[in-house]
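A.B. asks: Provided herewith is a single structure, encoded as structure tokens, for subsequent inquiry.
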Amino acid sequence: MNRTITSRLWAIIGVGVAVIVGVGALLMFLGRGPGELPPAPPPVTLTQADGPIAASINGSVISQSSWGEAVLLDQVLSGLAGQSAPTPEETLWRLIDQELVLQSTSEQEPTAEQVEAQITALQQTWGVDESAVTAALERVGLKRAVFEQAVGRLLKVQAGLATLTNQGYDTAAWLEEHRGGADIQIFEGAAALPISTAQSPIPTMSVPSPPPTLAAAKAAATPTSAPATAPPIPTSPLADLEFAPDFTLERAGGGALTLTEQLSEGPVVLVFFQRCG
Amino acid sequence: MVALAVVPLAQVDGVRKVTGATFPLLADPVHRAAEAYGVYNLFNDALAAPSVFVVDTDGRIVWSYVGKNGGDRPDERVILEQLP
């Protein structure tokens, strides 16, 4: 089985349903050449997102809050499935891929019974019961309704992929074509700051950067005496870490925190967590 | 103390609700701060390495520790001893 196709399927479907669709869906990806592309979807008016926007796809938006929910859900489902969780970036690109499929197909909403049947099938595959799923969701503050909505969306995407396959498309090639032709923008915070454009090749799910040197961090590990006069705090990422680079980030519970403002109240211990939740 | 993680805000908020943490929990989803402090993606995992920076009121980093793996963290008492 083609490894690229397998990973592409995971990218579109996500961990939960990928486990259950298994061989059947993978077969849909095999042996098909790219057919004539369907007509472009009608222009979509930018919908009003509930809060800051994470990405927009041909005008449809994915809010940061829904992205965050998807990341949490991926972590929960990955844990239940015994898989490693995707990175937040991978989750965002999966949502974008799903949106591209949904924009180009018009599948019916799955019924509540279909969603529940899918959830039951997932639980059987994972070897867990309903209470274990509920507990795992509650641990990260998610309600079961979020899980149900995600499964419903995945079923709809799955149906859309099946339709494309029946129309003769190689869904992997179809997705590549549509990613290239779509107006996809990823936003940094609430500000429109596209970091990916329609002209870009398919972005990798995760963009690992070379590990930065730790020399500067180690050099700063030795306590030093405070200067007589307060120097300006550098804001450049290229700071040698003698002084703490300033930043402003959104704070859980509302508002934002700026390091320099926090320092006016006293020393600060910055703790970077590798994982959260 | 200020905690940061390379995750979306909603995820950090979920942790805040679960843990009841009262200190600031910050979301660094595009890893701007993690990169500025040189701790992003050290383990090729697109996350921040567990690390601690003690910053005095002049903005000077007076002590820091960057974990060598995901579970490598300094003891709380060690951190407290570094406070200016």
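The values are calculated or read from the model by the stated rules, or taken from the named source; none is laboratory data. What you see is a predicted model, and the numbers here were worked out from it, not measured in a lab. So basically every Cβ, Gly included, is an ideal-geometry build from the backbone, and we count neighbours across all protein chains shown.
A.B. asks: Does the range A:251-262 contain at least one residue that is modelled with pLDDT under 85 and either hydroxyl-bearing (Ser, Thr, Tyr) or under 20 Å from B:Val30 (Cα atoms) (or both)?
C.D. replies: No - not one qualifying residue is present in the range A:251-262.
A.B. asks: Identify the single condition in (1) under 21 Å from A:Gly266 (Cβ atoms); (2) within 14 Å of the chain's Cα centre (by Cα) that B:Ala48 does not satisfy, given that it satisfies every other one.
C.D. replies: Unmet for B:Ala48, out of (1) under 21 Å from A:Gly266 (Cβ atoms); (2) within 14 Å of the chain's Cα centre (by Cα): (1).
A.B. asks: While we're looking at this one, here's another question. Say whether the condition of being of a type in the set (A, V, I, L, M) and under 13 Å from the mean Cα position of the chain (by Cα) is met by at least one residue in the range B:14-24.
C.D. replies: No: the range B:14-24 contains no residue that is of a type in the set (A, V, I, L, M) and under 13 Å from the mean Cα position of the chain (by Cα).
A.B. asks: Here's another thing I want to ask about it. Counting residues that are without any contact (Cβ under 8 Å) to a residue 60 or more places away in the chain and more than 7 Å from chain A (Cβ to nearest Cβ), which strands (runs of 3 or more DSSP E) fully inside the range B:1-83 reach at least 2?
C.D. replies: none
A.B. asks: Just to check your reading of the model, which residue among A:Glu90, A:Glu138 is charged (D, E, K, R) and touching a residue at least 24 places away in the same chain (Cβ under 8 Å)?
C.D. replies: So the residue among A:Glu90, A:Glu138 that is charged (D, E, K, R) and touching a residue at least 24 places away in the same chain (Cβ under 8 Å) is A:Glu90.
A.B. asks: Let me ask something else about it. If I filter the range A:58-79 down to residues being β-branched (Val, Ile, Thr) and in a helix (DSSP H, G or I), which single residue comes out as surrounded by the most Cβ atoms within 10 Å (Cβ to Cβ)? Walk me through how you get there before you give the answer.
C.D. replies: Keep residues of the range A:58-79 that are β-branched (Val, Ile, Thr), which gives A:61-62, A:71, A:76.
Restricting the remaining residues to those that are in a helix (DSSP H, G or I) gives A:71, A:76.
Values: A:Val71: 28, A:Val76: 24.
Within the range A:58-79, the match that is surrounded by the most Cβ atoms within 10 Å (Cβ to Cβ) is A:Val71.
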